[in-house]
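S.K.: This is the structure I want to talk about, given as structure tokens.
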Amino acid sequence: MATVKLENITKRFGNLTALDDITLDIQDEEFFVLLGQTGAGKTTTLRCIAGLDKPEEGTIYLDGISVNDKTPAERDVAFVFQSHILYPHLTVYENMAFPLHPRKLSAEEIDRRVRDIAQMLHIEHLLMRTPNQLSGGETQRVGLGRAMVRRPQVFLMDEPISNLDAKLRTEMRAEIRWRQRDLGTTTFYVTHDQVEAMSMADRIAILEAGRIQQLGAPADIYNHPANLFVAGFVGNPSMNCIPTDISRSDGELRMTLASSVDRENSVMIQDARVAEALNHNDPNRDLVFGVHPEDVIVSHQSISNAFQAEVYSVEPLGAETIVELTLGTDTAGAHTILKACTAPNFEAEIGQHLYVTFVAERMHFFDKNSGEALKI
């Protein structure tokens, strides 16, 4: 298939810098996901690879060959758009078969490819319909199928399942990933949905305001966020990020969660690696404490190294229950909220006080000003 390399890509629209010195290296047969919020520059990245937009600076390579001066037709990539436009006078079957005719394939091969992809996308029953007889979700699946029948060097996918209902999105994530592995096609997939990214990607790049914030395997990004932006963006619910003060006494380190004027939320740092990182930190540097909700331990009974917090809200989700705890109020009267992910049978009521502590080795700390994570 093909490799994709973006080397120092910068793209501007007037005074707006959409991509700021982006460098990425996508391996052959890799499922690579670019994750970011709306307006981060995800679609612009795809359009530059496809040749629909031309960067002001940098070079794009497909299989080691610069394609900056090649037309979209010469790049052998399939672009799956978020909004699909089908030929209104053609049936679904004819729309899906359309990109195969210039390749001079036999009628039997075209039919086999169309029906194979239609079966995978659960649209066999739609093949004889016209686009005006399709729902939005069906239109999106047909557009996805039209790209997949081509078997290009590279798939470029721009949030291709965002218009589907939740159940079908879950099914389609697995189907697309399975099909990609089966075909071995290099895939560059962009989304704002971190569940899609975490469940589908070999590697993820987090994009924010045209800049790469972190690049790595899904587990690495989740377990070791590079900065506060990544920590607050990845995870559902995302990581708790709360300003904190670190004090040292008698050889021990103690963390007190800040932004509270009416109580003390304090625990001792018990993990040796975390303690070492904090000991090497500049004591004058302001820190933010980060912890995933599943690493927050709550209990009705007193537990070691814990403080008490009041239940602010309870959100039963079936497989788990999210308990929001207020750590007190700041000088402006705003609540400092800590989210805990508990077992589905955990019972809590608003206003109730629970004991709270954290998994010792799963604590994260960030520089409050730069946002960068302390290396632990």
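The values are calculated or read from the model by the stated rules, or taken from the named source; none is laboratory data. Just so you know, these numbers come straight off a predicted model, no measurement behind them. Please note: Cβ atoms are built from the backbone with ideal geometry, for glycine as well, and neighbour counts cover all protein chains shown.
S.K.: Of the conditions (1) within 14 Å of Ile242 (Cα to Cα); (2) out of contact with any Pro (no Cβ under 7 Å at 6 or more places or on another chain), Val288 satisfies every one except a single condition; which number is it?
M.R.: Val288 satisfies all of (1) within 14 Å of Ile242 (Cα to Cα); (2) out of contact with any Pro (no Cβ under 7 Å at 6 or more places or on another chain) except (2).
S.K.: Another question, then. For the stretch 140-160: of the residues being over 21 Å from the mean Cα position of the chain (by Cα) and among the β-branched types (Val, Ile, Thr), which is surrounded by the most Cβ atoms within 10 Å (Cβ to Cβ)?
M.R.: If we take residues in the stretch 140-160 being over 21 Å from the mean Cα position of the chain (by Cα) and among the β-branched types (Val, Ile, Thr), then Val142 is surrounded by the most Cβ atoms within 10 Å (Cβ to Cβ).
S.K.: Counting just the residues of the stretch 154-183 that are among the basic types (Lys, Arg) and touching a helix residue (DSSP H, G or I) at 6+ places or on another chain (Cβ under 7 Å), which one comes out farthest from Met198 (Cα to Cα)?
M.R.: Among those that are among the basic types (Lys, Arg) and touching a helix residue (DSSP H, G or I) at 6+ places or on another chain (Cβ under 7 Å), it is Arg179.
S.K.: Go through the residues of the stretch 181-193 one by one and say whether even a single one is closer than 18 Å to Pro218 by Cα, among the aromatic types (Phe, Trp, Tyr) and either surrounded by fewer than 21 Cβ atoms within 10 Å (Cβ to Cβ) or touching a residue at least 24 places away in the same chain (Cβ under 8 Å) (or both).
M.R.: Checking the stretch 181-193: at least one residue is closer than 18 Å to Pro218 by Cα, among the aromatic types (Phe, Trp, Tyr) and either surrounded by fewer than 21 Cβ atoms within 10 Å (Cβ to Cβ) or touching a residue at least 24 places away in the same chain (Cβ under 8 Å) (or both).
S.K.: Looking only at the stretch 301-324, count how many residues are within 19 Å of Ala360 (Cβ to Cβ) and surrounded by 15 or more Cβ atoms within 10 Å (Cβ to Cβ).
M.R.: Residues in the stretch 301-324 being within 19 Å of Ala360 (Cβ to Cβ) and surrounded by 15 or more Cβ atoms within 10 Å (Cβ to Cβ): 4 in total.
S.K.: Still on this structure, please answer the following. Pairs only if they're at least six apart or on different chains, beta carbon under 8 angstrom, first in the stretch 239-255 and modelled with pLDDT of 85 or more and among the β-branched types (Val, Ile, Thr), second crowded, with 17+ Cβ neighbours inside 10 Å and not in a strand (DSSP E or B); list them, first residue then second.
M.R.: So the pair list comes out as Ile242/Ala258; Ile242/Ser259; Thr244/Ala258; Ile246/Ile269; Ile246/Leu278.
S.K.: Of the residues that make up the stretch 36-52, is at least one surrounded by fewer than 21 Cβ atoms within 10 Å (Cβ to Cβ) and among the aliphatic types (A, V, I, L, M)?
M.R.: The answer is yes; a qualifying residue exists.
S.K.: Here's something else I'd like to know. For the condition farther than 30 Å from Asp193 by Cβ and β-branched (Val, Ile, Thr), what is the one hit in Ile117, Ile49, Ile65?
M.R.: Sole residue among the options that is farther than 30 Å from Asp193 by Cβ and β-branched (Val, Ile, Thr): Ile65.
S.K.: If you don't mind, another one. If we scan the stretch 87-108, do we find a residue that is closer than 30 Å to Ala209 by Cβ and either assigned by TED's automatic domain parsing to the domain that holds Arg141 or not in a strand (DSSP E or B) (or both)?
M.R.: no
S.K.: Just for strands (runs of 3 or more DSSP E) wholly inside the stretch 1-67: which have at least 1 residues that are of a type outside the set (A, V, I, L, M) and over 17 Å from the mean Cα position of the chain (by Cα)?
M.R.: 4-13, 16-26, 57-62
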